[in-house]
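Accompanying notes for the structure given below.
The values are calculated or read from the model by the stated rules, or taken from the named source; none is laboratory data. Keep in mind that this is a model prediction, so the values were computed, not measured. All Cβ positions, glycine included, derive from the backbone under ideal geometry; neighbour counts span all protein chains shown. These accessible areas exclude ligands, DNA and RNA; they are computed on the full protein's heavy atoms, side chains included. Shrake-Rupley method; radii C 1.70, N 1.55, O 1.52, S 1.80 Å.
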Amino acid sequence: MEAMSFDTPIYVRDRLSGMEIRQLECFLACHEQRSFTAAARALNLVQSAVSTSVAKLERELGARLFDRTPGGLELTEAGHATLEPARTMLRARHDIVDGIELARGRIRGEVVVGNLMNLHTLDLASAIAEIRQRYPEVTLQMRQSTTGMAGNIAGLRDGSLEIALLAGMSTEIAGLTLHSISAESLVLCTAPDHPLAGRPFAATDLAGVRFIDFAPGWGIRHIADTLYPLRDPVIEVADQVFALELAAKDFGVTLVQRSVAERASGIAFAERAGTPIPWLTTVGHDARRTPSNAARMAIAILREHGSRLSR
């Protein structure tokens, strides 16, 4: 059996002649999952098929793409160089198939969507059900990032998400195209007998005040860091319901969407003095990439459902 060489310059011959789409899919899955086993699971393949595909791709390119480390698969320099071209090739194939299906009058395919928690200005379940009813050949894969909105933005930029729900004080994020869904405000939530209970507050009012924070990467955490740097963070939580339970017990104060505060019991809440803190929900995609037909239909239906609740 011929030994694999990783020293042959890539320009010696056409390395792409035998390359297959499946090899690129396996390569990208291994990068995202960081193991052959997890990649095989994600692709619904046996592990041997994934490892063989990657090995064949490495042989054809004449370069090792992964280092096998105790912590998982790590991209080599050649692997990093292959990453974006591989994504581009898969997107091109997807666009070709998408265009043909549209010409045939069909909307089909998979859309990977970055989700957000505690969305009460969008009936997400009804929107998903309507997508299924109107476009039965469209499949949604919902992804929930542990780093909140920051994770969704990163997913759009690296191509692991096609569209994502986002929220914050602005409808502009560099490199992304955003479509408005709904608008509300953030409110300060406290125990009913807290000195700030139920009254408009200013930044100076929160100086030194015990504050229940959310995890880094969450949109509300970014706003709190920006507007209220003198607050006294006493805990970080990843659950708004739990944050409100703590606030009700006078453990500290916290910021949440007004639609979330209105559903809670045992708390008081108030807007910022002067101008309320805007909380704008959008659905976005990478500005460099044209969404698939299925993704465009999903965006349209998400926006329809957001506008229905805001009427």
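Worth a mention:
- Here the relative contact order of the chain, from alpha carbon pairs under 8 Å that lie six or more residues apart, stands at 20 percent.
- The chain: angle of helix 148-158 to the longest principal axis, Cα-based, in degrees nearest 10: 30 degrees
- Percent accessible area from carbon and sulfur atoms, the stretch 159-213, protein chains only, probe 1.4 Å: 54 percent
- Annotation: for a label point projected 7 angstrom from Cα along Cα→Cβ of ARG93, residues of the stretch 130-161 with backbone N closer than 19 Å are 139, 159-161.
- The stretch 256-311: GluC sites (Glu not before Pro) in DSSP loop, at most 12 other beta carbons within 10 Å: GLU262
- Per-residue packing, averaged as other Cβ atoms within 10 Å, sorts the ranges 225-238, 48-61, 177-190 into the order 177-190, 48-61, 225-238, beginning with the highest.
- Taking the Cα centre of the stretch 104-225 as reference, the dipole from Cβ charges on Lys and Arg (+1) and Asp and Glu (-1) amounts to some 400 debye.
- You can think of it this way: the chain between GLU236 and GLU74 has 55.2 nm of extra reach, that is 0.36 nm per residue less the Cα-Cα gap.
- Along the axis of the charge dipole computed for the chain (Cβ charges of +1 for Lys and Arg, -1 for Asp and Glu, origin at the Cα centre), the listed residues GLY208, ALA268, GLN133 are led at the positive end by GLN133.
- Degrees between helix 21-33 axis and first principal axis of the chain (Cα, 0 to 90, nearest 10): 40 degrees
- Cα long-axis angle, helix 47-61 against the chain (0 to 90 degrees, to the nearest 10): 70 degrees
- A cut-off of 5 Å between modelled amide H atoms, ignoring neighbours fewer than 5 places along the same chain, links ILE163 with VAL112, GLY114.
- The candidate values are (i) 33, 25, 20; (ii) 45, 24, 16; (iii) 28, 26, 18; the one derived from this structure for semi-axes √(5λ) of the Cα gyration tensor in Å carries the label (ii).
- VAL46/GLN141 FRET efficiency (R0 25 Å; Cβ-Cβ; nearest 0.05): 0.70
- The charge dipole of the chain, taken about its Cα centre with unit charges on the Cβ atoms of Lys, Arg (+1), Asp and Glu (-1) only, comes to about 680 debye.
- Sequence ranges 150-157, 135-142, ranked by mean other-Cβ count within 10 angstrom, highest first: 150-157, 135-142
- Per residue solvent-accessible surface (Å²) - the chain, probe of 1.4 Å: 51 Å²
- Distant-in-sequence amide H partners of VAL256 (H built 1.01 Å from N, under 5 Å): VAL187, CYS189
- Overall, the stretch 187-292 carries a charge dipole of about 320 debye about its Cα centre when +1 sits on the Cβ of Lys and Arg and -1 on the Cβ of Asp and Glu, all other atoms neutral.
- Placing dummy labels 7 Å off each Cα toward the beta-carbon, the span from ALA154 to SER180 is 3.0 nm.
- With the helix formula -39500 (n - 2.57) applied to DSSP H stretches of n ≥ 4, the chain reaches a computed 222 nm mean residue ellipticity of -12500 deg cm²/dmol.
- Counting DSSP beta bridges with both ends in the chain, the antiparallel % (nearest 5): 65 percent
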